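Inspection log for the structure reproduced underneath, given as structure tokens.
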Amino acid sequence: MHRHLLTVSPETCIKAAIALMSQAQSSCVLIVEGSSLTGIFTERDLVRLIASGTLTEEATVDGVMTREPIALRVDCYGNEQLQKGFNPRKVRNNRSI
């Protein structure tokens, strides 16, 4: 399975990130600098931002993204040892994407 991942830079304005998410019918975009994953911006981040009353036209994803998301390489999926130590439900309860 190969999916196109939505990515933006940390300097991307929130309005542009939301437009991209809407167009792709996605609940998140990955934040990358060069080839490094630095964060993720989710619908939940947006809800938290709106609830705080601090959303501005100039706001960028860097200011509200979830930093250092847990990421697994595609080739790790079938690894039994990894699956024993990784509980997606537990991660999802802490920070849903």
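General remarks:
- Charge context of E58, other residues only, Cβ under 15 angstrom, K/R +1, D/E -1: -2
- Extended-chain gain in nm, criterion 0.36 nm per residue less alpha-carbon gap, K15 and L55: 13.4 nm
Every read-out reported here was derived from the displayed coordinates using simple, explicitly stated rules and does not represent laboratory data. No experiment lies behind these values; they were computed from the predicted model shown. With ideal geometry, Cβ positions are generated from the backbone for all residues, glycine too; neighbour counts draw on all protein chains shown.
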